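Down below is the structure, laid out as structure tokens.
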Amino acid sequence: MGTRIGRHRNLPAFRLPALRLPHLHLPALRPPAFSGRLHDPRTATAIGRWLGVALAVCFLTGLISHFLQSPPDWLADHLPSRPVWGYRLTQGLHVGVGLAAIVLLLAKLWAVYPRLFVWPPVRSVRHALERLSVAVLVASGVFQVLTGLLNIAEWYPWPFSFVPVHYAVAWVVAGSVLLHLAVKAPEIRAHWSSRSAGTLALSDEERDGPDRRALLLGVGAAVGAVTVTTVGQSFTPLASVDLLAPRHPGYGPQGLPVNRTAAAAGVTDAAVLDWSLEVLGPRPYRLTLAELGQLPPSRARLPIACVEGWSVDAWWSGVRIRDLIERAGALPDAGVRVVSLEVRGAYRVMEMGREYAQDSLTLLALRLNGDVLSADHGFPARIIAPNRPGVLQTKWVTRLEVL
Ligand SMILES: Nc1nc2c(c(=O)[nH]1)N[C@H]1C(S)=C(S)[C@@H](COP(=O)(O)O)O[C@H]1N2
Ligand SMILES: [Mo]
């Protein structure tokens, strides 16, 4: 036996000598066989679509958070300061759905992991690319939920800065999810629902049996358990069952959590002792705490909504930022830069655009729930503004600069 080469009629055909390979026995390399139907495409699709929804919610709410927190210049003056609870809702969703996504991602990986053992590992260039895209998807997805989880626990065991990296990798996840959906579209369509084969007779493999229903129910129950025991950090009616979230909305001085204490920010009693508020603008001026207390007071019920997912409503009273900067000669479309007593830290200086600065609910707050601010909540004065990430609710304010 040999291989016939030379197909031209005029050329004499000749044969290569057969190449005989010794017969190889490689039992150790044979992959494990998975016959369970819980690892089939129908299960992967059923879990995958919920994971897809979760990742989409996380991506969109993450974009909102990103643009509210660090808007490009052209957007800064147009960010809406209403509804007052907007950021509280979107960031509560971001963290709540992100936590649920951990369960869904684990379930999805469990459903598809036998594919790690497909044999041969690479069948074609197309197959290699498909596997590579899944590798990127899994790696970036795991990275996002893991860094998100550690961030809400305020644990940063990595050498990079969380926010820009979490933001950049979100685009990698989004891209690889879209690619994955495109590649898997035929399979997803075929296995979308237990009845998706229509009038065609379903084999036992395809029909949802008690085992698959039990698995999906179990995954649903796990998502429910994670959600119910954490969502109370922002959804206060469930605060009493907030057992697993890192923060509890009611725990902290004056009934409000604190992320950065005055001590951690280097704001000492001495620094606060001869405090005054400086307002820079066309007609700059300075006020002592007593003088500030003499200005017309305003009151607003507004949430602190931390990017880490906890949020809580409170009554704040103080003086409108709008009035303070107008007194310094600010025009009605001015924004403001706010500087804290804090010596260093990423949130020492904050800027707010027109919509926030001119909103009648945006205050330089002096009191929280009726009492003078405690040191950890920003005594003598702090910012509170509607629809704003917590990181921008600057504490220990000492200077306003009209923009
Ligand atoms: N100067 C300054 N202000 C700050 C911070 C900070 O680190 N420094 N932390 C912010 C963050 S992340 C949040 S969530 C809110 C929390 O306010 P609270 O500690 O009064 O609850 O304050 C914000 N104000
Ligand atoms: Mo925060």
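Quick rundown of the values:
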| item | result |
| --- | --- |
| Neighbours by Cβ (under 6 Å, 6+ apart or cross-chain): first from segment 364-385, at positive phi; second of a type in the set (Lys, Arg) | Gly378/Lys395 |
| Residue in segment 213-220 that is charged (D, E, K, R), farther than 30 Å from Gly345 by Cβ and away from ligand 1 (no atom under 12 Å from the Cβ) present | yes |
| Any hit, segment 351-358, residues being over 23 Å from Arg260 (Cβ atoms) and surrounded by fewer than 19 Cβ atoms within 10 Å (Cβ to Cβ) | no |
| Sole residue being more than 16 Å from ligand 2 (Cβ to nearest atom), outside any strand (DSSP E or B), among the small types (Gly, Ala, Ser) and surrounded by fewer than 19 Cβ atoms within 10 Å (Cβ to Cβ), chosen from Ala330, Ala334, Ala346, Ala270 | Ala270 |
| Among residues of segment 370-388, those that are in contact with a Leu (Cβ under 8 Å, 6 or more places away or on another chain) and either among the polar types (S, T, N, Q) or open to solvent by 50 Å² or more (accessible area, probe 1.4 Å) (or both), counted | 4 |
| Of all residues in segment 290-313 being away from ligand 1 (no atom under 14 Å from the Cβ) and under 24 Å from Arg388 (Cβ atoms), the one that is most open to solvent (accessible area, probe 1.4 Å) | Arg299 |
| Filter pass, Leu256 being of a type outside the set (Asp, Glu), surrounded by 16 or more Cβ atoms within 10 Å (Cβ to Cβ) and over 28 Å from the mean Cα position of the chain (by Cα) | no |
| Subset of segment 391-403 that is over 17 Å from Ala76 (Cα atoms) and surrounded by fewer than 21 Cβ atoms within 10 Å (Cβ to Cβ) - its residue that is nearest to ligand 1 (Cβ to nearest atom) | Thr398 |
| Residue satisfying condition, being away from ligand 1 (no atom under 15 Å from the Cβ), at pLDDT 95 or above and surrounded by 21 or more Cβ atoms within 10 Å (Cβ to Cβ), within set Leu361, Leu280, Leu287, Leu341 | Leu361 |
| Subset of segment 55-104 (residues that are of a type in the set (Gly, Ala, Ser) and either closer than 16 Å to Val228 by Cα or under 9 Å from the mean Cα position of the chain (by Cα) (or both)) | Gly62, Ser65, Gly92, Gly96, Gly98, Ala100, Ala101 |
| Single residue of Thr90, Thr43 found to be open to solvent by less than 50 Å² (accessible area, probe 1.4 Å), of a type outside the set (Asp, Glu) and in contact with a Ser or Thr (Cβ under 8 Å, 6 or more places away or on another chain) | Thr90 |
| Some residue of segment 151-160 being outside any loop (DSSP other than H, G, I, E, B) and out of contact with any Lys or Arg (no Cβ under 9 Å at 6 or more places or on another chain) | yes |
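The values are calculated or read from the model by the stated rules, or taken from the named source; none is laboratory data. Since the model is a prediction, treat every value here as computed from it, not as a measurement. Every residue, glycine as well, gets a Cβ built from its backbone with ideal geometry; the counts of neighbours run over all protein chains shown. Accessible surface is based on the protein model in full, side chains and every heavy atom, while ligands, DNA and RNA are left aside. Shrake-Rupley method; radii C 1.70, N 1.55, O 1.52, S 1.80 Å.
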